[in-house]
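Here is the structure we will look at, set down as structure tokens.
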Amino acid sequence: MDVLAGYYVANNDIYKGLDVGGLMRIEVPPLRTLNQALLTINKELGRVTAPVTHDGATFLLPTTGEYPRWFVSIATGLRGGVPSVRPVYTLFTQRARGAPWLAAYQVSPVESVPTVHTNDGGAARVVKETAGLAIDPAGLGGAVLAHYVEHSHDDGFAPSIALDEQLAANYRVNKQNMTGRGWKLSRELEDVTHPVHLLATTDGGVLAFTASTVTDTIEPLDRSGSVSLDTNSNEASLLRMSAGMTSKKLEIERLQMFLTHIPSKSSGQKVRVLSFNDAPINIR
């Protein structure tokens, strides 16, 4: 599909030139917000990534003719000619007739994805009514945060690599490391709304593309102490201070992007987080 091919060509040019502003031409939030931060970090560190192409793709094309319109491509990414081990799901939106198609989400699930429901013509079905789902997709970010911060084991989430072995484990390790340095880490959900896109699955649930914004607060356990950003860390590089910095307190805003299977309430199944991306987007 020309939209996908055009996106990869433009994306490679932007990353080759470390052109942060160029993302405005091919993406919209939340993906643009996340990638602007990552490209700023790459630019500060002088890090140029290998070109990315794709080896064929399938498409989930919703039946709705309303604007904004959207569709999902599923492709095997090739970076420097090396295929990705996971499929890349890219969601494109079009604001109005004649407007460009812009990428809004890009995720790579680490587990099998439930089959999306399609009609006889092969079109996917967009879901707008969420009352019958196991969890409200708009509240998914808060529920995910509570899962790994409050360590609940009976909160409706199925164990998954993305949620438990990656997101939760990374947060736990970071918290332990900061305690070892004499710091305290806490994380809170921000009141920021991101677009939610839902496709019906054959089991009566949905495949949900969602995002949330959280803020990490880092403070010294001893009030007379200080905290710091390490040399060449993503956070220090985002501030264009790759040599590192020291402060009495740090607040790091992070964008988290999810692909999740949310079953129906009546199914008895649990919610499964299939993929997540995470990046610092602002530091105070």
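For the reader, a short list of remarks on this structure follows.
- Test: Arg95 is without any contact (Cβ under 8 Å) to a residue 60 or more places away in the chain and over 30 Å from Ser242 (Cα atoms): yes
- Taking segment 41-68 as the range and being touching a Leu at 6+ places or on another chain (Cβ under 6 Å) and β-branched (Val, Ile, Thr) as the test, the residues that pass are Ile41, Thr53.
- Checking each residue in segment 12-31 for being part of a helix (DSSP H, G or I) and either of a type outside the set (A, V, I, L, M, F, W, C) or more than 22 Å from Ala211 (Cβ to Cβ) (or both) picks out Asn12, Asp13, Tyr15, Lys16, Gly21, Gly22, Arg25.
One line per residue, one yes/no per condition, for (1) in a strand (DSSP E or B); (2) closer than 24 Å to Leu255 by Cα; (3) in contact with a strand residue (DSSP E or B) (Cβ under 8 Å, 6 or more places away or on another chain); (4) modelled with pLDDT under 95:
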site	(1), (2), (3), (4)
Thr33	no, yes, yes, no
Arg47	no, yes, no, yes
Thr53	yes, no, yes, yes
Gly56	yes, no, yes, yes
Thr64	no, no, yes, yes
Thr76	yes, no, yes, yes
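- Of all the listed residues (Arg25, Arg86), the sole one being in contact with a Gly (Cβ under 9 Å, 6 or more places away or on another chain), over 30 Å from Ala243 (Cα atoms) and not hydrophobic (A, V, I, L, M, F, W, C) is Arg86.
- The selection criterion, being of a type in the set (Phe, Trp, Tyr) and closer than 24 Å to Gly77 by Cβ, holds for Trp101.
- The strands (runs of 3 or more DSSP E) located wholly in segment 202-284 that include 1 or more residues which are touching a residue at least 24 places away in the same chain (Cβ under 8 Å) and surrounded by 19 or more Cβ atoms within 10 Å (Cβ to Cβ) occupy 206-220, 227-229, 250-262, 272-283.
The values are calculated or read from the model by the stated rules, or taken from the named source; none is laboratory data. Only a predicted model underlies this, so the values are computations on that prediction, with no experimental measurement involved. Neighbour counts are summed over all protein chains in view; Cβ atoms, including those assigned to glycine, are modelled from backbone coordinates with ideal geometry.
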